[in-house]
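To start, the structure itself, in structure tokens.
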Amino acid sequence: VADFMGAKVKNLKTDGERSATGMDAIRGVLVVEVKAGTEASGFLQANDVILSFNNKRVNNLHDLFEARMSVIGSNTEIIVFRNQKELKKGIELGLIRKDR
């Protein structure tokens, strides 16, 4: 289980998880929990399956974090599987500031 912008996520990897989410195959990243008030709470819910981020297919955690690092600027999109259908959402990401 890893943290993704305030959500706990993990690879979707069992038939039970696939069945519980309604997925047609074992692919994507399962959202286990979303903390209120986090960046992820604006576009993710528990039991979502992340299929795409920043126009890059997401089959596992490595793909998701690689796609997150490839975002240029603060706007991108995410595709999640929720309630038996794919949803595409435009999102605005917070900027990470470093003190010098």
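Side notes on the structure shown:
- Residue check for residue 90: open to solvent by 30 Å² or more (accessible area, probe 1.4 Å) and either in a strand (DSSP E or B) or modelled with pLDDT of 95 or more (or both): yes
- One residue stands out among those in segment 36-53 that are buried (at least 18 other Cβ atoms within 10 Å of the Cβ) and among the small types (Gly, Ala, Ser): the one that is modelled with the lowest pLDDT, which is 40.
- Subset tally (residues that are surrounded by 17 or more Cβ atoms within 10 Å (Cβ to Cβ) and touching a residue at least 40 places away in the same chain (Cβ under 8 Å)) for segment 6-30: 5
- Restricting segment 13-35 to residues that are assigned to a loop (DSSP other than H, G, I, E, B) and at pLDDT 95 or above, the residue that is nearest to residue 74 (Cα to Cα): 35
- Scanning segment 54-69 for residues that are open to solvent by 50 Å² or more (accessible area, probe 1.4 Å) and in contact with a helix residue (DSSP H, G or I) (Cβ under 9 Å, 6 or more places away or on another chain) gives 55, 56, 57.
- Check on residue 1, touching a helix residue (DSSP H, G or I) at 6+ places or on another chain (Cβ under 9 Å) and either at pLDDT below 95 or not small (Gly, Ala, Ser) (or both): no
The values are calculated or read from the model by the stated rules, or taken from the named source; none is laboratory data. Since we're looking at a predicted model, the values are computed, not measured. Note that we place each Cβ from the backbone using ideal geometry, even for glycine, and neighbour counts take in every protein chain shown. The accessibility values were calculated without ligands, DNA or RNA, using every heavy atom of the protein model including side chains. Shrake-Rupley method; radii C 1.70, N 1.55, O 1.52, S 1.80 Å.
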